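Student: Below: one structure in structure tokens.
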Amino acid sequence: MLIRFLASAAALAVATWLLPGIRLGGTDDVWGQVFTLLAVAAIFGFVNALIKPLFKFVSAPLILLTLGLFLLVLNAVLLMLVSWAAGELHLAWNVDGFWSAFWGGLIISIVTLIINASFGKKGTEHR
């Protein structure tokens with residue numbers, strides 16, 4: 001669970017670094033930025049654990065109709081929700097608009113997939 005949390009934090013950091021529409025503001029202090037990213041990763045985990053399943057259930061027909069491509073839009077909307085929640089908690093991390101959230105969600109999904117795949121599951125053997 002800790003590895004998945006750190007993978008989400010790393011994926012958020014990569015998206016923040018790559019996309020100009022996702023910004024980490026506030027202090028120039030490295031530890032302050034790390035704390036902000038970890039706090040945003042906690043919000044991200046909360047949103048993915050509790051709200052994303054509800055959104056997927058409600059939009060299931062649209063997800064099936066688009067053969068899963070609507071999940072990219074859903075990820076963008078959830079990333080914008082994380083940005084809003086971070087702003088409400090006075091965290092200096094924000095997403096500018098839908099397209100920044102769209103590409104950010106795609107980057108976060110890919111980076112998280114790569115990190116989680118490299119660690120694997122407990123009790124399994126990599127070959």
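The values are calculated or read from the model by the stated rules, or taken from the named source; none is laboratory data. The structure presented is a predicted model; accordingly, all values stated were derived computationally and were not measured. Don't worry about glycine lacking a Cβ; one is built from the backbone with ideal geometry, like all the others, and counts go over all protein chains shown.
Student: Is there any pair linking a residue in the stretch 79-91 that is more than 9 Å from Phe44 (Cα to Cα) to one that is aromatic (Phe, Trp, Tyr) and assigned to a helix (DSSP H, G or I), with Cβ under 8 Å and at least six apart or on different chains, and which?
Tutor: Listed by first residue and then by second, the contacts come to Met80/Phe98.
Here is a yes/no grid of residues against (1) of a type in the set (A, V, I, L, M); (2) under 25 Å from Ser118 (Cβ atoms):
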position	(1), (2)
Ser8	no, yes
Trp17	no, yes
Asp28	no, no
Val34	yes, yes
Phe46	no, yes
Leu50	yes, no
Val95	yes, no
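Student: Residue by residue through the stretch 84-127, note down the ones that are in contact with a Gly (Cβ under 9 Å, 6 or more places away or on another chain) and either surrounded by 13 or more Cβ atoms within 10 Å (Cβ to Cβ) or at pLDDT 95 or above (or both). Before the answer, list the steps.
Tutor: Start the filter on the stretch 84-127 by keeping residues that are in contact with a Gly (Cβ under 9 Å, 6 or more places away or on another chain), which leaves 91-97, 99-101, 103-104, 126.
Those that are in contact with a Gly (Cβ under 9 Å, 6 or more places away or on another chain) and either surrounded by 13 or more Cβ atoms within 10 Å (Cβ to Cβ) or at pLDDT 95 or above (or both): Leu91, Ala92, Trp93, Asn94, Val95, Asp96, Trp99, Ser100, Ala101, Trp103, Gly104.
Student: Given the criterion of a type outside the set (Val, Ile, Thr), in a helix (DSSP H, G or I) and either touching a Leu at 6+ places or on another chain (Cβ under 7 Å) or under 16 Å from Val95 (Cα atoms) (or both), identify the matching residue among Leu54, Leu50, Leu64, Leu74.
Tutor: Leu74
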